Amino acid sequence: MSESYDFLFKFLVIGSAGTGKSCILHQFIESKFKQESNHTIGVEFGSKVVNVGGKSVKLQIWDTAGQERFRSVTRSYYRGAAGALLVYDITSRETYNALANWLADARTLASPNIVIILCGNKKDLEADREVTFLEASRFAQENEMMFLETSALTGENVEEAFLKCARSILTKIESGELDPERMGSGIQYGDSSLRRTRRIPDQTTQQCNC
Amino acid sequence: MALRKKIRSLLPGSKQRSSSLDDDQSSPGYEPIYKYKEEDREFARDPLEQAELISSIEDVYFSDDSFDSSRYELKKLDSTQPIDLDKMDEDRDVLRKQLQAVSKKVSDLVLENQSAYVKELQRVMELQTNLQTANVICANGRRQLSLAKKDFTVASLSILSNHRKRLQLVSLMRSLHTIKTLQRTDIRLREMMEEEDYPGAIQLCLECQKAASTFKHFTCISELNSKLQDTLEMIEEQLDQALAKTCLNFDTHHYNKVQTAYRLLGKTQTAMDQLHMHFTSAIHNTAFTIVLGYVELCAGSDNTNFQKMPYRDLCGHITVDTYIPCLVNLCKALWEVMMSYHKTIDWHERFDPAAQQVSSTPDTESGFICAFQKESSGRVLGSKLTTTLKRIEDNLIQQSVVPGPSQLGAPNTDEKNTKVKFPYPHLSPVVEMTDLNKLFGLSERMVATESLLFLSEQFQFLQSHLESMIPPSKKPFLQQFYSQTVIVAHELRIPVYRSVATKAIDFEQMIQMMTNVRWDIKEIMSQHNPYVDWLLQELQLFDLRIQEVARKVPLPQPVYYILWEHVIRLSNWTFVEGFACAKKCSNEGRALMQLDFQQFLMKLEKLTDIRPIPDREYVETYIKAFYLTENDMEQWIRDHREYSTKQLTSLVTSGVTSLFQKKSRQKLVQVIEEIDRLRR
């Protein structure tokens with residue numbers, strides 16, 4: 001009855017109200033677009049096991065409410081998140097402008113090593129675009145985030161966003177930059193790799209020629 | 001050598017020159033023709049002149065080693081001509097001058113380069129020593145590095161092994177702590193026995209056994225295990241004594257505990273058998289004691305040992321005077337035992353879920369409907385179905401209190417009404433309605449219900465034919481029969497099958513497990529609670545049992561659907577009820593509820609193909625209502641009457657981080673109470 005996986009990552013989906021966070025989660029889990037979607041109350045939860053670079057990783061995703069009135073509630077979910085999707089709506093400059101605030105919240109409340117991917121959602125609404133790819137891309141670069149434009153409607157780049165984030169975390173674990181055993185890292189070993197000793201990067205010892 | 005070569009290269013043609021000089025000087029005993037002396041230098045020392053002289057040397061002198069100067073000069077002499085001594089002398093002078101100039105030049109050059117050569121040689125020597133030193137340093141360095149590397153690796157490995165050892169010891173310590181607790185449990189168990197908390201003691205004991213089995217690799221545990229087994233047996237003995245007590249003085253509270261304890265042991269049937277024995281012996285013992293008392297009273301000093309006399313003989317010793325009071329006392333005692341017996345039966349009828357079906361022998365007042373309601377707590381019968389059942393009962397069933405054996409089976413004609421009436425139907429004792437493994441007679445239920453449904457379908461096919469055959473005046477009766485009886489038949493499925501789903505899983509136990517969960521945690525969890533696994537396991541068993549039944553009797557899709565739909569609904573209701581048991585809850589605890597429920601849904605969807613999952617929103621909405629702000633909450637409470645007063649109250653009062661002010665909390669509680677009053 002229990003599923004096996006190598007790692008468990010805690011993920012967070014944040015961003016202003018109405019940017020399509022819950023739809024992204026729904027598309028990712030169910031591979032379907034959620035037609036009727038209300039404002040999220042508090043927080044939604046979903047989990048999925050994905051394959052990243054030959055490792056099976058269980059993603060536990062907390063999709064937070066974007067509305068201001070839930071801020072006090074949603075803040076308690078930031079702690080111990082390994083990765084985050086920061087979502088804005090490419091057809092709403094307002095949601096883009098709010099990114100700096102969301103980012104500040106994430107960096108202060110979550111683990112300092114949190115890996116964040118910026119998602120410009122509603123990519124399918126090209127005609128109503130208010131935020132260009134280039135400026136968002138620059139913003140992401142300046143703030144050390146990855147960046148993708150997604151569409152929860154068509155599903156474009158939705159899975160990619162989660163996978164990209166997971167892959168980045170995995171790389172950081174392998175390089176030793178992230179330590180899964182540290183408290184609040186948002187990362188756990190699964191049963192199948194229970195405390196498996198991590199690979200130490202190959203030591204290239206050069207022999208002296210004298 | 002290379003160096004010497006190099007020096008030689010500085011002096012072009014030096015070799016030839018020197019070799020020719022050597023030739024001159026190395027002939028021993030040979031007096032040189034001319035000796036050079038600095039003082040009697042033959043020729044000028046003018047450097048310019050010298051340079052000129054050198055340049056005048058024929059090229060052939062500078063050719064190669066094989067050049068023979070003597071031969072060359074001799075060849076110059078023309079044999080045909082007479083020897084001209086003057087000319088020869090002149091030539092000789094020239095050659096000598098040249099030789100002298102070259103010698104001078106060589107000596108100059110040698111002198112000139114001497115110091116540089118010495119210096120260079122010194123440096124070379126120096127370099128050589130330096131290189132030797134460097135070589136030694138390198139070799140040392142490498143040796144030390146390899147030593148360090150080895151030492152470091154060994155040190156790291158030993159740190160690792162020590163760390164490993166430490167981890168093992170920590171886990172061992174944890175195990176030891178648990179074992180210590182286990183060892184101490186015995187004392188607690190005895191305390192519980194004294195407190196007469198049998199269910200608690202058994203539960204604890206069973207848990208201990210379970211825990212002990214996980215530690216069975218420890219030697220000390222096997223001893224504990226046998227001790228626990230002894231304790232369990234002792235508990236059973238005490239339980240038996242407690243059961244015996246109920247025969248004389250029935251106490252509901254006490255009996256509840258005893259029955260719960262037996263249920264935990266899975267020995268309800270044994271308990272019933274034991275109880276019957278206890279009643280028999282209770283009657284015997286009290287009667288014997290009373291009679292013995294009277295006999296001994298009358299016998300006075302008689303030494304006859306009445307104690308060991310059989311009861312029948314003992315009764316023979318009762319005198320006429322004591323006969324009446326003894327009989328009265330006996331009756332009183334019997335009455336008391338019988339009263340306990342009656343109370344016991346009463347308890348089973350009211351509280352024992354397993355016995356309800358057996359004891360649902362209907363009397364004249366309850367009838368069919370009551371039988372159904374008893375089984376499925378009364379909410380499932382539609383009003384139309386209720387009326388139909390009532391009508392069938394009134395018109396077709398004999399209203400006798402206890403049907404005699406002669407009345408069974410054959411229809412009797414009620415003479416007053418001249419209507420055919422049937423005796424009250426009875427369930428065959430062969431049918432097992434209490435066996436969980438057979439899903440409470442699911443196959444028999446299906447045979448009965450689906451047959452009836454089949455009949456009703458056939459009747460519907462026949463409707464047009466029947467209508468054409470029947471005289472018009474009677475048609476309304478036929479139509480009434482169809483609309484009131486035939487069509488209602490399919491409604492029977494729901495109460496018949498739902499009660500199976502209701503009993504298939506012990507949801508009380510799930511509530512118990514949920515009550516023990518802490519929801520006021522400070523961290524977002526990533527692992528769901530064990531009660532979820534328990535429920536899923538029960539559902540899996542449920543599915544297996546359905547499959548088992550379906551192998552013997554075909555199971556129609558609607559039946560499958562009703563069974564699963566109801567069991568899922570009940571699970572979801574239990575989730576809400578269990579969550580409402582949380583006295584304190586944090587945001588993180590709420591998240592854990594979501595995690596638990598999501599885990600349940602994920603696994604459930606693999607177990608059954610019923611979609612959408614019934615009452616899924618009922619749970620999700622309840623969990624999330626916790627996050628609402630004060631104003632939204634009041635409206636929400638008014639809008640969601642589907643939750644009980646307890647559930648609503650928990651929502652408002654369980655929050656640890658004071659989401660609401662105390663005042664607003666009170667206000668919300670008042671709103672809930674107000675709604676509660678309206679409900680009644």
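The values are calculated or read from the model by the stated rules, or taken from the named source; none is laboratory data. Predicted model, so just to flag it, every value in this text is computed and none were measured. No Cβ is skipped: glycine too gets one built from the backbone with ideal geometry, and neighbour counts run over all protein chains shown. To get the accessible areas, we keep the full protein, side chains included, count just its heavy atoms, and leave off ligands, DNA and RNA. Shrake-Rupley method; radii C 1.70, N 1.55, O 1.52, S 1.80 Å.
Things to note:
- The single condition from (1) buried (at least 18 other Cβ atoms within 10 Å of the Cβ); (2) facing chain A (nearest Cβ under 10 Å) that B:ILE568 fails is (2).
- Enumeration of residues in region B:608-633 that are without any contact (Cβ under 8 Å) to a residue 40 or more places away in the chain, in contact with an Asp or Glu (Cβ under 9 Å, 6 or more places away or on another chain) and away from chain A (no Cβ under 11 Å): B:ARG611
- Contacts under 9 angstrom Cβ, first residue in region B:634-657 being closer than 22 Å to B:LYS522 by Cβ, partner among the aromatic types (Phe, Trp, Tyr) and assigned to a loop (DSSP other than H, G, I, E, B), 6 or more apart: B:LEU651/B:PHE626; B:LEU651/B:TYR643; B:VAL652/B:PHE660; B:SER654/B:TRP519; B:SER654/B:PHE626; B:GLY655/B:PHE626; B:VAL656/B:TRP519
- Segments classed as strands (runs of 3 or more DSSP E), wholly inside region A:42-100, with at least 3 members that are at pLDDT 90 or above and within 13 Å of another protein chain (Cβ to nearest Cβ): A:43-52, A:55-64
- Looking only at region A:168-183, and only at residues there that are small (Gly, Ala, Ser) and open to solvent by less than 50 Å² (accessible area, probe 1.4 Å), the one that is modelled with the lowest pLDDT: A:GLY176
- Condition met for B:VAL102 (part of a helix (DSSP H, G or I), free of Cβ contacts under 8 Å to residues at least 40 places away in the same chain, out of contact with any Leu (no Cβ under 7 Å at 6 or more places or on another chain) and among the aliphatic types (A, V, I, L, M)): no
- Remark: A:SER151 falls outside the filter, which requires a residue to be at pLDDT below 95 and either buried (at least 18 other Cβ atoms within 10 Å of the Cβ) or at positive phi (or both).
- B:MET602 vs. criteria free of Cβ contacts under 8 Å to residues at least 12 places away in the same chain and part of a helix (DSSP H, G or I): yes
- Exclusive hit being within 12 Å of chain A (Cβ to nearest Cβ) and part of a helix (DSSP H, G or I), set B:MET525, B:MET593: B:MET593
- Matching option when the condition is at pLDDT 85 or above, loosely packed, with under 14 Cβ neighbours inside 10 Å and either touching a helix residue (DSSP H, G or I) at 6+ places or on another chain (Cβ under 7 Å) or of a type in the set (S, T, N, Q) (or both), among B:THR289, B:THR319: B:THR289
- Reported count of residues in region B:571-590, each being part of a loop (DSSP other than H, G, I, E, B), crowded, with 17+ Cβ neighbours inside 10 Å and more than 10 Å from chain A (Cβ to nearest Cβ), is 3.
Listed here are the residues, each with its yes/no results for (1) open to solvent by less than 10 Å² (accessible area, probe 1.4 Å); (2) among the hydrophobic types (A, V, I, L, M, F, W, C); (3) farther than 30 Å from B:TYR560 by Cα.
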position: B:LEU601; (1), (2), (3): yes, yes, no
position: B:PHE626; (1), (2), (3): yes, yes, yes
position: B:GLN635; (1), (2), (3): no, no, yes
position: B:THR649; (1), (2), (3): no, no, yes
position: B:LYS662; (1), (2), (3): no, no, yes
position: B:LYS667; (1), (2), (3): no, no, yes
position: B:GLN670; (1), (2), (3): no, no, yes
position: B:ARG680; (1), (2), (3): no, no, yes
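- Per the listing A:CYS208, A:CYS165, the residue uniquely out of contact with any helix residue (DSSP H, G or I) (no Cβ under 6 Å at 6 or more places or on another chain), crowded, with 19+ Cβ neighbours inside 10 Å and either modelled with pLDDT under 80 or in a helix (DSSP H, G or I) (or both) is A:CYS165.
- When the residues of region A:18-41 are filtered to those that are under 15 Å from the mean Cα position of the chain (by Cα) and not β-branched (Val, Ile, Thr), the one that is farthest from the other protein chains (Cβ to nearest Cβ) is A:GLY20.
- A single member of B:ASP609, B:ASP543 is of a type outside the set (Gly, Ala, Ser) and part of a loop (DSSP other than H, G, I, E, B), and it is B:ASP609.
- Among the residues of region A:125-142, the ones that are in a loop (DSSP other than H, G, I, E, B), open to solvent by 60 Å² or more (accessible area, probe 1.4 Å) and in contact (Cβ under 8 Å) with a residue 12 or more places away in the chain come to 3 in all.
- Of all residues in region B:532-547, those satisfying the criterion of being in contact (Cβ under 8 Å) with a residue 24 or more places away in the chain and away from chain A (no Cβ under 14 Å) are B:PHE542, B:ARG545, B:ILE546.
- Residue count for region B:494-522 under the criterion of being farther than 30 Å from B:ALA261 by Cβ, part of a loop (DSSP other than H, G, I, E, B) and not acidic (Asp, Glu): the result is 2.
- Residue match in region B:136-159 (condition: closer than 30 Å to B:PHE215 by Cα, assigned to a helix (DSSP H, G or I) and open to solvent by 70 Å² or more (accessible area, probe 1.4 Å)): yes
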